[in-house]
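Just below is one structure, and these are the notes that go with it.
The values are calculated or read from the model by the stated rules, or taken from the named source; none is laboratory data. As the structure is a prediction and not an experimental result, all values here were calculated from the model. Counting neighbours? That spans all protein chains shown, and the Cβs are built from the backbone with ideal geometry, glycine included.
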Amino acid sequence: MTDPFREWDVAYLMGSLSPEDRRAYERHLEVCPPCEHAVRQLAGMTGILSRVPKDWALGTLPDVPSPRVRVLVVAVVVLTGVVVLLLLTHCTW
Ligand SMILES: [Zn+2]
């Protein structure tokens, strides 16, 4: 039987779950060691990422012609990081 909550960890940590889903997931975490472990692992990574100084992170971006493009570049970088986190935590190769 597959775990219906297996893929909810990133959404939980990103605050993307509805209040009802969040409560259901938190109840599940109390009884599911694999999901609880996955959340703890990801929480550590997001904690590390949150300590990167914003000015430094923005300074590493290439020069772009407009603020809109700059926001798009930041969004792509963040989404790439999320994909990498998902691959690192969910792939079994
Ligand atoms: Zn679970």
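Every residue, every condition in (1) modelled with pLDDT of 70 or more; (2) farther than 23 Å from ALA11 by Cα; (3) over 15 Å from the mean Cα position of the chain (by Cα), yes or no:
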site	(1), (2), (3)
LEU61	no, yes, yes
LEU72	yes, no, yes
VAL76	yes, no, no
LEU79	yes, no, no
VAL84	yes, no, no
LEU87	yes, no, no
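You will find that of GLU30, GLU20, GLU36, the residue that is out of contact with any Asp or Glu (no Cβ under 7 Å at 6 or more places or on another chain), surrounded by 11 or more Cβ atoms within 10 Å (Cβ to Cβ) and not aliphatic (A, V, I, L, M) is GLU36 and no other. Note on the range 31-50: among residues that are under 14 Å from TYR12 (Cβ atoms), hydrophobic (A, V, I, L, M, F, W, C) and more than 15 Å from the ligand (Cβ to nearest atom), the one that is modelled with the lowest pLDDT is MET45.
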